[in-house]
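Novice: This is the structure, below, for whatever I ask next.
The values are calculated or read from the model by the stated rules, or taken from the named source; none is laboratory data. Just so it is clear, the structure is predicted and the values come from calculations on it, not from any experiment. Every residue, glycine among them, receives a Cβ derived from its backbone with ideal geometry; neighbour counts consider all protein chains shown. In case anyone asks, the SASA skips ligands and DNA or RNA and just uses the protein heavy atoms, side chains included. Shrake-Rupley method; radii C 1.70, N 1.55, O 1.52, S 1.80 Å.
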Amino acid sequence: MTEDADAGDLRRYLQEAREALVFKLDGLSPYDMRRPLVPTGTNLLGLVKHMAGVEAGYLGSTFGRPFPEPMPWMEDGAEDNADMWATLDETRDGLVDLYRRVWAHSDATIADVPLNGTGRVAWWPAERNTVTLHRILVHLISETHRHAGHADIVRELIDGAAGLRSLNDNLPSGSPAWWADYRAGLEQTARQA
């Protein structure tokens, strides 16, 4: 394989994770997008906002290509977890559009920097903050998929919707009764353990 093909593969896996995360917002009210359903407050719109900031840092500033728009929630001195929830002024469309602009900026970095090109992650410890584009892509793919998994669970808690994306839900095609029986069987097994 060539470096271009390798970079293309990594970019494709990153894009799949990006799209899976954004897909989880489809069809929801502003309330449901912001709704914290676990004790740590994880919510769908906050996950998108968080990943916009994270990706802008890793594929922007790390390689000397800072994202040109301000993200005050990512700056030193921002309140704790400011990147994990959307203010009333931050809309779904606004944050998704921002995330898509980050994608374009990141994709330009992927196109312009070789996989073995180095950068510096300012917020990592000095002994390991010099990185290659390859390492950052693997790290970012992992983090984006992790948060897309969080979004899967949060969305299922909101309205029962589950699956990877609209045209490929990657789940068995059971009826609601089948899923209820399946879950009951799992519950019975868990109680017997």
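Novice: Given the conditions (1) at pLDDT 95 or above; (2) assigned to a helix (DSSP H, G or I), report the number of the one that A5 does not fulfil.
Specialist: All conditions pass for A5, except number (1).
Novice: Test D112 against the stated conditions and say whether it is of a type outside the set (V, I, T) and open to solvent by 70 Å² or more (accessible area, probe 1.4 Å). Steps first, answer last, please.
Specialist: Details: of a type outside the set (V, I, T): yes; open to solvent by 70 Å² or more (accessible area, probe 1.4 Å): yes.
Judged against the criteria, D112 is a match.
Novice: Residues being charged (D, E, K, R), open to solvent by 40 Å² or more (accessible area, probe 1.4 Å) and either at pLDDT 85 or above or more than 18 Å from M33 (Cα to Cα) (or both): count how many of those fall in the range 142-172.
Specialist: 5
Novice: Sticking with this structure for a sec: Of all residues in the range 58-92, which are touching a residue at least 60 places away in the same chain (Cβ under 8 Å) and either over 19 Å from R120 (Cα atoms) or open to solvent by 10 Å² or more (accessible area, probe 1.4 Å) (or both)?
Specialist: Of everything in the range 58-92, those that are touching a residue at least 60 places away in the same chain (Cβ under 8 Å) and either over 19 Å from R120 (Cα atoms) or open to solvent by 10 Å² or more (accessible area, probe 1.4 Å) (or both) turn out to be Y58, S61, F63, T91, R92.
Novice: Hey, any hits in the range 36-53 for a residue that's closer than 25 Å to G119 by Cα, modelled with pLDDT of 95 or more and surrounded by fewer than 20 Cβ atoms within 10 Å (Cβ to Cβ)?
Specialist: Our first condition is that a residue be closer than 25 Å to G119 by Cα; within the range 36-53, this holds for 48-53.
So of that shortlist, the ones also modelled with pLDDT of 95 or more come out as 48-53.
If we keep only those that are surrounded by fewer than 20 Cβ atoms within 10 Å (Cβ to Cβ) as well, we get none.
No, because not a single residue in the range 36-53 is closer than 25 Å to G119 by Cα, modelled with pLDDT of 95 or more and surrounded by fewer than 20 Cβ atoms within 10 Å (Cβ to Cβ).
Novice: Mind listing just one residue for me: the one in the range 58-82 that is part of a helix (DSSP H, G or I) and of a type in the set (F, W, Y) and, of those, farthest from A104 (Cα to Cα)?
Specialist: Restricting to residues being part of a helix (DSSP H, G or I) and of a type in the set (F, W, Y), the top hit is W73.
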